Amino acid sequence: MMIEMKSTLKKYFGYTEFRPYQKEIIEKILDGKDCLVIMATGSGKSLCYQVPPLITGKTAVVISPLISLMQDQVMALKQRGIKADYLSSAQTDRGVQSNAELGHYDILYMTPEKACALPNSFWSRLLKAGMCLLAVDEAHCISEWGHDFRVEYKQLDKLRNVLFNVPFVGLTATATEKVRSDIMNSLLMKNHHVAIGSFDRKNLFYGVKSFSRSSLFVDQLVEEISKYVDNANSTIVYCTTVRDTEEIFKSLLEAGIKAGIYHGQMANKAREEAHRSFIRDEFYVMVATVAFGMGIDKPNIRYVIHYGCPKSLESYYQESGRCGRDGVPSACWLYYTRSDFAKADFYSAEARSASQRKAIIEAFSAAQHYCMLSTCRRKYLLDYFADEYAHDDCGNCDICTSSMKEKDLSREAFLLMSCIQSCGGRWGLNLPIGILRGSRSKKIVDAQFDKLPFHGLGKELSANWWKGLAYQLISHDYLAETFKDMYKTVSISEMGLQFLRSSSPDHQPPLFLTETPEMDLDEKNKDTPSETSEIDGLTSKEFEGFSQAETQLYKMLIEERIKLARATGTAPYAVCGDQTLKRISLTRPSTKARLANIDGVNQHFIKLYGDNFLRSVKQISEACNLSLDGNPTSQTSVPSKTLTVRSNKKLTPAKFEAWKMWHEDGLTFKEIANFPGRAAAIKEQTVLEYILEAAREGCKMNWTRFCEETGLTRETFLSIQNAISKVGTEKLKPIKTELPEEISYGQIKAYLTMQEAGVSAELFSSTSEQSCNGDECLTEISEIVQNSIIPSDVQRDDGIVEAPLITGINGASSPGKTEGAESHLLTERSRKEAASSEGDLLIPTKRQRVEAAEGEIFRTLDATEESILSWLKNFDDGVTLSDLLEHFNGSNEKSLVNLLCCLEGEFLIYRKSNLYKLM
C-alpha cells in the first residue's frame with residue numbers, strides 16, 4: 001500500500017514524501033474510518049482526500065462552502081491530470097451531474113445546499129459506480145461556535161442514511177475544542193480518527209500597529225502596498241466595512257496601482273471577474289471584505305493586511321492563513337484603532353441565541369487582546385488554539401524582532417490594581433481608570449468611589465495609556481477578565497494579589513513591562529504602516545541561497561509561466577508553484593528525466609509543459625552564464641561546546657539577569673529561582689527557559705555545563721533525536737509520548753534549542769573522549785572495529801594482503817594495506833578514522849549490507865535496467881551513484897548514468913539529494 005501511495009503522490013502531485021499526518025490520515029480513510037482533520041492552512045489537508053480516489057479508482061465527494069473556491073480547486077486538479085468537476089447553482093453544464101453519478105470523476109465538489117438537494121437516486125447510482133469518501137471542507141461552518149456558521153452544513157448528517165459504509169472526513173484549519181466536538185457530533189462520527197496538526201505557520205511574519213483613521217494614513221498604506229507590487233507580490237487587504245474597502249481601492253487606483261475589489265454589495269458577475277483576474281495575476285492587489293476569506297486558493301500570496309480589528313481570532317487566522325500557503329516567507333499585518341473595539345454589540349447582533357452571543361463577544365475580546373499584546377504574537381495565537389509552543393520568542397513577529405522599550409511600571413501597576421481591588425472587581429476597565437483620572441461621573445459619585453485615596457492620582461496619563469497598561473497586566477496574568485451576563489469585568493488574579501501583598505504605597509517590587517505603542521508618549525512613533533526594512537527582509541529570505549544569476553533566471557521563468565498559463569486559460573500557480581520554480585532555477589535540468597526528479601513536478605506537467613520549460617531553462621541559463629544540471633549547495637554548521645547565536649532582539653532585563661547569574665556568576669537553576677530579593681520565587685523550569693532564550697538571542701553558552709545541570713546525556717539526546725525523526729517538531733506532546741517517562745519537556749526544549757544553535761551529539765563524544773586516556777580509548781575503538789569489520793582477508797596478485805574493509809564515517813570504506821602477519825592490524829589512518837566516528841560505528845549502515853559478501857566486491861557485474869531495479873529493492877533510503885558504480889563494477893559511469901536516466905524517464909526510479917530510489 002505504501003508503495004502505491006508514494007507512486008500516486010509523485011505521479012499526480014510531483015512529491016516524493018508526505019507531509020506530517022497526511023500518510024496516517026490517508027491510511028485511515030482507505031480503511032473506511034471517519035476522520036476529523038485539524039491542520040493549518042497550507043499544510044496539505046486537501047491531499048488527504050485527493051489521494052484515496054486515485055488509489056481506489058472510486059469517486060471522492062467534497063463539500064465546499066464557496067463556488068469560487070471549488071472552481072479554483074477543480075482548475076488546479078485538472079492541471080495535474082485528475083478528473084474533477086463541481087455541482088452547484090453556477091454549473092451550466094448539465095452533463096456533469098449525469099457523468100458524476102456514473103462515477104466518471106475522481107473528485108466531485110459540491111456546495112452543502114446541492115448535496116442536500118440531490119435525490120437519493122443520485123447517491124445510490126454513485127455508490128454503485130464507486131464512492132470512497134465524503135469530505136466536508138471548512139468543517140468549522142458546521143458549528144454555531146465557529147466563526148463562519150452556516151445552517152446548511154448542519155443538514156449534512158442526513159446523508160448518513162444514504163451513504164452506508166462511506167467514511168466521512170471533516171477538515172478545517174481553525175477549530176477550538178468546542179468546535180471540534182460540534183463537528184464530530186453533527187457528522188455522527190463514531191470510532192473515528194482525529195488528527196490535529198500544529199497551527200504554527202513558521203513562514204509567516206505577524207505584525208500589529210495602531211493608527212488613527214485619516215487620509216494621510218491611507219496614503220502611507222498605499223505607498224507601502226506599491227512596494228509589494230513592485231516585487232510582483234500578491235497582496236490582500238481585508239477591510240471590516242464596504243466603505244473602507246471602496247476608499248482604499250479608490251486610493252490605489254489614484255496612485256496608479258492596478259487592483260481589484262470584492263465585497264457583498266457587488267453583483268455576482270463582478271465578484272467572479274475580480275476573483276478570476278486576481279487568481280490569474282492580472283493584478284497583484286485585492287481589496288476585500290471578509291467575504292473573500294475562504295474563497296481564495298492562491299498559494300503565492302505574500303502579504304495579507306487587515307485594515308481594522310477582526311471579529312475573532314478564528315477568522316483572523318483563517319484570513320491571514322491565505323498568506324504564504326506555498327511555504328515561502330510572507331507577512332501578515334493588522335492595523336487597528338480604538339474605535340474598532342466598540343463593535344462588539346454590532347457583531348453580536350447576528351447571534352441567534354444567548355450562548356452564541358456570548359461566544360461572539362468572547363471571540364472578539366480575544367482578537368482585541370491580540371492587538372494589544374506586548375508578548376510573542378505567535379505564542380498567543382497557538383495558545384488560543386491549544387497548540388503548545390515551546391518558546392516565548394518566535395523570532396518572526398513584530399514583538400520578537402523589535403527592541404521595544406521596557407520600563408519599571410511598578411507604581412502605575414500598583415495604583416491600577418489597588419483601584420480595581422477597591423472597586424470589588426465587579427467592573428470593567430473604564431470605571432477604575434476613570435477614578436484614577438479624577439472623573440466625577442454619576443456612576444463614580446453614586447458609589448462614592450471619588451472618596452477613594454486613588455482618585456485623581458493618574459490624571460496626567462490618558463485613558464488609552466491606562467488601558468494599554470491594563471492589557472499588559474492581563475497578558476502577564478496579574479489581572480483576569482471574566483464575562484458575566486454579556487459584560488466584561490476585570491479582577492485581580494492570584495499573581496496580582498501576590499504583587500499587592502509585597503507592595504506598599506511607598507514601595508513596590510520592580511515590575512518591568514513593555515511599553516506598547518498606545519503607551520508610547522512619543523507621538524512620532526505612531527500612525528505609520530509597516531516599515532520598508534521588513535519588506536526587504538522578506539525579499540532577502542525569499543532568495544536566500546540564490547546567486548544573482550539564479551535570481552534573474554527565476555524571475556524570467558515566472559514570466560514564462562504567466563505566458564503558458566494565459567495560453568492555456570489557467571492560473572500561473574496551477575501550472576507549477578513558486579517553490580517548484582525555485583528548485584528548477586537552482587538545478588536547471590537539461591532532460592525530462594531530471595526535470596521529473598524535482599519536487600512538485602508531476603507527469604502531467606512533464607507532458608504538457610516539459611519541452612517548453614526545458615527550452616526556456618536552456619536559453620535563459622546560457623544568457624545568464626549558468627551551467628545546466630547544477631546541484632543546490634548546502635552548508636553544514638560545525639558544532640562546538642560554546643556557541644553564539646546571532647539575533648537583533650534584546651533580552652528583557654529579567655531574562656538577561658537570569659542568564660548572567662547562571663553563565664557569569666555560576667549559580668544553579670535552583671539558586672536563581674529562589675534568589676533573595678524577588679517579589680516571589682519563580683520555577684526552575686522558568687529559569688531554564690530564560691537561559692535557553694538567551695542562547696537563541698546570542699548569549700554565550702557552556703553547553704557541557706548546561707547538559708550536566710539538566711541531566712541531558714548523550715543517550716537522552718539521541719533518544720529525543722530518534723523521537724523527532726518519527727513525529728517531527730511541530731508539537732511537543734507527540735515527542736514526549738515517544739520518549740521514556742523520565743525525559744522531561746525541559747530536556748526536549750533544550751535539545752531543540754541546541755539543534756537551532758548547531759550543537760550535535762558530538763558534544764557528548766568530545767566530552768567522553770576527554771575523560772578517558774589514550775590506551776583505554778584505543779582498546780574501546782579496537783573492540784568496536786572488530787565487531788564491525790568483515791572477518792576475512794583477500795590475497796592480491798602482488799602478494800600484498802588487503803585488510804578487511806572498515807566502515808568509517810557515514811559508512812565510507814577504509815581498506816588498510818599491510819604485509820604478511822600484520823594484515824589484521826589497523827593502519828594509523830584507519831585508527832584515526834575509527835576514533836573520530838565511534839558513534840557511527842555502532843550503527844549498522846546500508847553500505848555494510850552492500851559490502852557484506854566479500855566475493856561480491858571483486859566480482860565483475862554489468863548493470864541492466866532489470867538488475868538495477870532488483871538491487872534497489874534492498875535499499876529503502878536509496879543509494880548514491882558511487883554505490884551503484886561500486887556494485888555494478890563491470891559498467892562504466894557513462895553507461896550507468898544513461899541507464900539511470902532511462903529509468904527516471906519511465907518514472908520507475910527518482911533521484912533526491914543525490915540518492916536514487918524506487919518509485
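Every read-out reported here was derived from the displayed coordinates using simple, explicitly stated rules and does not represent laboratory data. Predicted model only: the values in this text are computed from it and were never measured. Counting neighbours? That spans all protein chains shown, and the Cβs are built from the backbone with ideal geometry, glycine included.
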field: Inter-centroid distance (Cα atoms) of the range 242-276 relative to the range 427-494, Å
entry: 42
- prompt: Between residue 231 and residue 501, what length comes free when the chain is fully extended (0.36 nm per residue of separation minus the Cα-Cα distance, one decimal in nm)?
  reply: 91.6 nm
query: What percent do you get for the relative contact order of the range 860-919 when only Cα pairs under 8 Å and 6+ apart count?
result: 42
message: At 0.36 nm per residue, and after removing the present C-alpha to C-alpha distance, how many nm does the segment from residue 219 to residue 615 gain when stretched out fully?
response: 138.2 nm
task: Output ³J(HN,Hα) for the range 743-755: one whole-Hz value per residue in order, computed from phi by the Karplus curve 6.51 cos²θ - 1.76 cosθ + 1.60 with θ = phi - 60°, and x for Gly and Pro.
output: 7, 8, 4, x, 5, 5, 4, 4, 4, 4, 5, 5, 5
query: Cross-link list 28/917; 555/582; 11/607; 6/28: which exceed 18 angstrom alpha carbon to alpha carbon?
result: 28/917
statement: Pseudo-spin-label distance residue 408 to residue 908, built 7 Å along Cα→Cβ, given in nm, is 7.7
- prompt: Packing-wise, with mean Cβ within 10 Å as the measure, how do 457-469, 75-87, 169-181 rank, highest first?
  reply: 169-181, 75-87, 457-469
- prompt: Got a sec to turn the phi values of the range 709-723 into Karplus ³J(HN,Hα) couplings, 6.51 cos²θ - 1.76 cosθ + 1.60 with θ = phi - 60°, whole Hz, x for Gly and Pro?
  reply: 6, 8, x, 8, 8, 4, 4, 5, 4, 5, 5, 5, 4, 5, 5
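Evaluate the relative contact order of the range 2-196 (contact order divided by residue number), counting alpha-carbon pairs under 8 angstrom at least 6 apart; express in whole percent.
Relative contact order comes out at 29 percent.
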message: Let me check I've understood the local charge: for residue 731, count other residues with C-beta under 9 angstrom from its C-beta, Lys and Arg +1, Asp and Glu -1. What total comes out?
response: -3
message: If amide hydrogens are placed 1.01 Å from N in the peptide plane, which non-local residues have theirs closer than 5 Å to the one on residue 437?
response: 456, 458
statement: Distance in Å, no decimals, from the C-alpha centre of the range 94-117 to the one of the range 187-205 is 27
task: Can you pull the one-decimal nm distance between simple spin-label points at residue 761 and residue 338, each 7 Å off the Cα toward Cβ?
output: 5.9
- line: HN-Hα couplings for the range 15-28 via Karplus (6.51, -1.76, 1.60; θ = phi - 60°), in whole Hz with x for Gly/Pro, come out as 10, 9, 9, 7, 7, x, 6, 4, 4, 5, 5, 4, 4, 5
Amide H contacts of residue 285 (H built 1.01 Å from N, under 5 Å, at least 5 apart or other chain): 235, 260
statement: Given 368-377, 548-557, the highest-first ranking by average Cβ count within 10 Å works out to 368-377, 548-557
field: Of the GluC sites (Glu not before Pro) in the range 711-749, those whose Cβ has at most 13 other Cβ within 10 Å and which sit in DSSP loop
entry: 741, 742
message: Just to be sure I understand the model, the point goes 7 Å from the Cα along the line to the Cβ. What's the resulting residue 241 to residue 440 distance in nm?
response: 3.6
query: What are the residues whose amide H is under 5 Å from the amide H of residue 194, where those residues sit 5 or more places off or on another chain and H is modelled from the backbone?
result: 36
message: Out of the GluC sites (Glu not before Pro) in the range 873-918, which ones are loop residues according to DSSP with at most 14 other C-beta atoms within 10 Å?
response: 906
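Suppose R0 equals 22 Å; then what is the FRET efficiency for residue 590 and residue 548 from their Cβ-Cβ distance, rounded to the nearest 0.05? Walk me through the intermediate numbers first.
Details: r = 22 Å, r/R0 = 0.99.
Working from the Cβ atoms, E equals 0.50.
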